[in-house]
1. Identify, please: which residue in the stretch 37-82 is hydroxyl-bearing (Ser, Thr, Tyr) and part of a loop (DSSP other than H, G, I, E, B) and is, among those, farthest from ASP115 (Cα to Cα)?
2. Look through the stretch 88-139, keep the residues that are within 23 Å of LEU164 (Cβ to Cβ) and touching a Gly at 6+ places or on another chain (Cβ under 8 Å), and return whichever of them is surrounded by the most Cβ atoms within 10 Å (Cβ to Cβ).
3. Residues to consider are GLY175, GLY121; find the one that is over 21 Å from the mean Cα position of the chain (by Cα), part of a loop (DSSP other than H, G, I, E, B) and touching a residue at least 24 places away in the same chain (Cβ under 8 Å).
4. With respect to the numbered conditions (1) hydrophobic (A, V, I, L, M, F, W, C); (2) at pLDDT below 85; (3) in contact with a strand residue (DSSP E or B) (Cβ under 7 Å, 6 or more places away or on another chain), which one is the sole condition not fulfilled by LEU143?
5. From the list THR208, THR203, THR181, which one is without any contact (Cβ under 8 Å) to a residue 40 or more places away in the chain, among the polar types (S, T, N, Q) and surrounded by 13 or more Cβ atoms within 10 Å (Cβ to Cβ)?
6. Within the stretch 50-71, is even one residue basic (Lys, Arg) and under 19 Å from GLY199 (Cα atoms)?
7. Return the only residue of THR32, THR26 being out of contact with any Lys or Arg (no Cβ under 9 Å at 6 or more places or on another chain), in the same structural domain as ILE57 (by TED's automatic domain parsing) and assigned to a helix (DSSP H, G or I).
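The values are calculated or read from the model by the stated rules, or taken from the named source; none is laboratory data. Because the structure is a prediction, the values reported are computed rather than measured. Every residue, glycine as well, gets a Cβ built from its backbone with ideal geometry; the counts of neighbours run over all protein chains shown.
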Amino acid sequence: MNAPNKLTVYLDGSPHYLAPGRYTGTQIRALTTPAARDLFWDIEDAADPAIAPDTVITISDGMRFYTSLPVTVYLDAHPYTVPAGAISEQQLRDLPTPPVSDDHAIWRDIPDANDRRLARGEMLEISGDERFFSAPQRHPHTLTIIVNTRSKQVEQRELSFQDLVALAFDNPPAGENVLFTITYSKAVAPNHKGSLPVGGVLTVKEGTIVSVEHSDKS
């Protein structure tokens with residue numbers, strides 16, 4: 001619980017309680033020991049901007065930042081040093097030499113709870129000491145979902161934003177100005193219906209309906 005009259009901001013996943021006001025990048029960096037060299041503002045569904053030391057930010061409750069401070073994660077019980085912040089399933093897969101093969105899935109080891117399989121291309125935030133393991137792909141019965149009015153057979157129940165774009169288009173439009181939007185219905189609870197953010201993961205079931213649209217912002 002945050003202190004009275006304090007705002008909670010997160011740096012590399014850890015909460016810090018600050019008085020309301022304006023802070024420089026240098027002051028936010030100093031929340032770590034030693035002070036972080038790099039600093040990024042974690043903005044949901046958008047590119048995360050770098051924060052220069054002399055940049056002034058008016059903080060609000062719940063703001064998230066991350067640094068390039070190295071942290072340790074574990075994959076198949078082996079430690080690896082990576083920058084704190086966002087990491088992709090593919091980056092985890094590439095940590096060992098040789099990388100984890102495509103016929104294996106990456107799972108997050110969650111103490112005292114069900115381990116969770118990561119979707120291909122999924123992004124997640126790490127702060128250190130997270131544990132993952134690889135295991136041969138399971139091949140349960142396939143599910144039929146509807147993507148852009150066409151039936152698609154899938155074996156994974158967790159599909160990333162990129163997975164759904166690939167299912168929707170044989171040759172997805174490319175370019176820095178291309179924007180994709182994904183809406184869905186009849187998905188697994190608690191979010192049966194809604195919009196999927198870039199980098200998000202959708203848990204599907206038999207009959208889930210997905211619409212993938214694209215536009216050009218140029």
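1. Looking only at the stretch 37-82, we keep the residues that are hydroxyl-bearing (Ser, Thr, Tyr), and these are 55, 58, 60, 66-68, 72, 74, 80-81.
Add one more test, that the residue is part of a loop (DSSP other than H, G, I, E, B), and what stays is 55, 60, 67-68.
Numbers: THR55: 40, SER60: 33, THR67: 27, SER68: 27 Å.
Checking each candidate, the answer is THR55.
2. Here the answer is GLU122.
3. On the way: GLY121 fails: over 21 Å from the mean Cα position of the chain (by Cα).
Criteria check complete, one pass: GLY175.
4. Unmet for LEU143, out of (1) hydrophobic (A, V, I, L, M, F, W, C); (2) at pLDDT below 85; (3) in contact with a strand residue (DSSP E or B) (Cβ under 7 Å, 6 or more places away or on another chain): (2).
5. Working: THR208 fails: without any contact (Cβ under 8 Å) to a residue 40 or more places away in the chain; THR203 fails: without any contact (Cβ under 8 Å) to a residue 40 or more places away in the chain.
Sole residue among the options that is without any contact (Cβ under 8 Å) to a residue 40 or more places away in the chain, among the polar types (S, T, N, Q) and surrounded by 13 or more Cβ atoms within 10 Å (Cβ to Cβ): THR181.
6. At the first step, the residues of the stretch 50-71 found to be basic (Lys, Arg) are 64.
If we keep only those that are under 19 Å from GLY199 (Cα atoms) too, we end up with 64.
Checked the stretch 50-71: at least one residue is basic (Lys, Arg) and under 19 Å from GLY199 (Cα atoms).
7. On the way: THR32 fails: assigned to a helix (DSSP H, G or I).
Of the residues listed, the single one that is out of contact with any Lys or Arg (no Cβ under 9 Å at 6 or more places or on another chain), in the same structural domain as ILE57 (by TED's automatic domain parsing) and assigned to a helix (DSSP H, G or I) is THR26.
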